[in-house]
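The values are calculated or read from the model by the stated rules, or taken from the named source; none is laboratory data. Computed from a predicted structure; not experimentally measured. Positions of Cβ are generated from backbone atoms using ideal geometry, with glycine treated the same way; all protein chains shown enter the neighbour counts.
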Amino acid sequence: MKWIRIIVCTVICSVVATLCISNVHAEGTESSLTFGPTSQRISLKPGETYRSSVIVSNPAMSENDLKFQLYVAPYSVANDDYDPVFDKVGTYTQIVDWITLDKTEGTLKPNDNMEIGFTVKVPKDVPAGGQYAAIVAQDVTSFDSANNNGVQISGISAVASVVVADVAGQTREYGEVFENNMPTFVMSAPFVASAGVKNTGNVHTDAKSVLQVWPLFSDEEIYTNEESEDNDKLVLPDTTRYFFNTWEDVPVVGIFRAKQTVTIFGETSVNEKIIVICPLWLLFIVIFLIALLLVWFVTIIIKKVRKSKDKEANSI
């Protein structure tokens, strides 16, 4: 019993120590920094200057002063999931060199905010099309060790405001819909239709994908995502992006008409089909009944053939 008590005490002490450490780091590194707007779209002309601003805030719930730094980074995306990338320089991130911040650091007390302006000075010989950058706000607050039981902790977190710019000039607005798919048979919720678009131009655009569903013999629409914000997505130049339109509240059984419309740069792809919703267990029952019907039908035919042969034999 003694060794059991030792093990139990050791485990309890380890758990308590872990929780204590976790709490210190969670409280120390938690940042209250908020930054906005999350994105802003601007139209630029070669040789002209544009002014705008961002706002850094330290909400009232914060208990500490907040020290921050600002810098400009290139903005692009990676893979079809559109994961943001802030360290890749390319043709569409030249705007980073055109942006000048009025201020690159500051300190905010709780419930305080600061508006910081920036200037975009566009060169005269810039290429037309899209340009993308991110104004990044980084929390560099260093918490007093006396307030954290002697543990010195620095909160390092960052948020970004994406600048989406359209430079006037000779733009190429080309794109294509390379995928527009809907399943024909669905065994369980949800019903998911997919679509893929590609921007082959030199300027960004908003692509749209709308899913609509009607009963088989009626024009009364029972589902659409036309008003949803998720069906409208920004597509950057030389990138592809996917849509997944989901109908969650599908009935257990039914036959419906579905239509998915995908649009990019005025090019529209429409996919219409009849969809069947049937659970797996019901499908097995239907297959079993069809099999029984086939066996019954074949049995009847065999019996008729045998009777016919018996009649011929008896007549001979």
Applying the selection to the range 274-316, what residues are surrounded by 10 or more Cβ atoms within 10 Å (Cβ to Cβ), in contact (Cβ under 8 Å) with a residue 12 or more places away in the chain and out of contact with any strand residue (DSSP E or B) (no Cβ under 8 Å at 6 or more places or on another chain)?
-> 279, 282, 283
Just to be sure, is residue 79 touching a residue at least 24 places away in the same chain (Cβ under 8 Å) and either not β-branched (Val, Ile, Thr) or not assigned by TED's automatic domain parsing to the domain that holds residue 47 (or both)?
-> no
If you go through the range 96-104 one residue at a time, do you hit one that is exposed (fewer than 13 other Cβ atoms within 10 Å of the Cβ) and closer than 16 Å to residue 158 by Cα?
-> yes
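The rows are residues; the columns are (1) in contact (Cβ under 8 Å) with a residue 60 or more places away in the chain; (2) crowded, with 21+ Cβ neighbours inside 10 Å; (3) assigned to a loop (DSSP other than H, G, I, E, B).
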{"residue": "159", "(1), (2), (3)": "yes, no, no"}
{"residue": "183", "(1), (2), (3)": "yes, no, yes"}
{"residue": "189", "(1), (2), (3)": "yes, no, yes"}
{"residue": "207", "(1), (2), (3)": "no, yes, no"}
In the range 87-106, is there at least one residue being within 30 Å of residue 196 (Cα to Cα), of a type in the set (D, E, K, R) and not in a strand (DSSP E or B)?
-> yes
Hey, residue 64 hits all of (1) buried (at least 16 other Cβ atoms within 10 Å of the Cβ); (2) not in a loop (DSSP other than H, G, I, E, B) but one; which does it fall short on?
-> (2)
For residue 210, are the conditions met, namely being modelled with pLDDT of 95 or more and of a type in the set (Val, Ile, Thr)?
-> yes
Among the residues of the range 57-75, write down those that are at pLDDT 90 or above and either more than 30 Å from residue 235 (Cα to Cα) or not assigned by TED's automatic domain parsing to the domain that holds residue 101 (or both).
-> 67, 68
Could you check, for the range 115-129, whether at least one of its residues is modelled with pLDDT under 95, within 29 Å of the chain's Cα centre (by Cα) and part of a loop (DSSP other than H, G, I, E, B)?
-> yes
Any residue in the range 103-114 that's under 21 Å from residue 71 (Cβ atoms) and polar (S, T, N, Q): show its pairings with residues that are surrounded by 13 or more Cβ atoms within 10 Å (Cβ to Cβ) and at pLDDT 90 or above at Cβ separation under 8 Å, as long as the two are six or more apart or on different chains.
-> 104/69; 104/70; 104/71; 107/67; 107/68; 113/55; 113/56; 113/57
Over the range 82-95, the set of residues touching a residue at least 60 places away in the same chain (Cβ under 8 Å) and surrounded by 14 or more Cβ atoms within 10 Å (Cβ to Cβ) is 82, 86, 92, 95
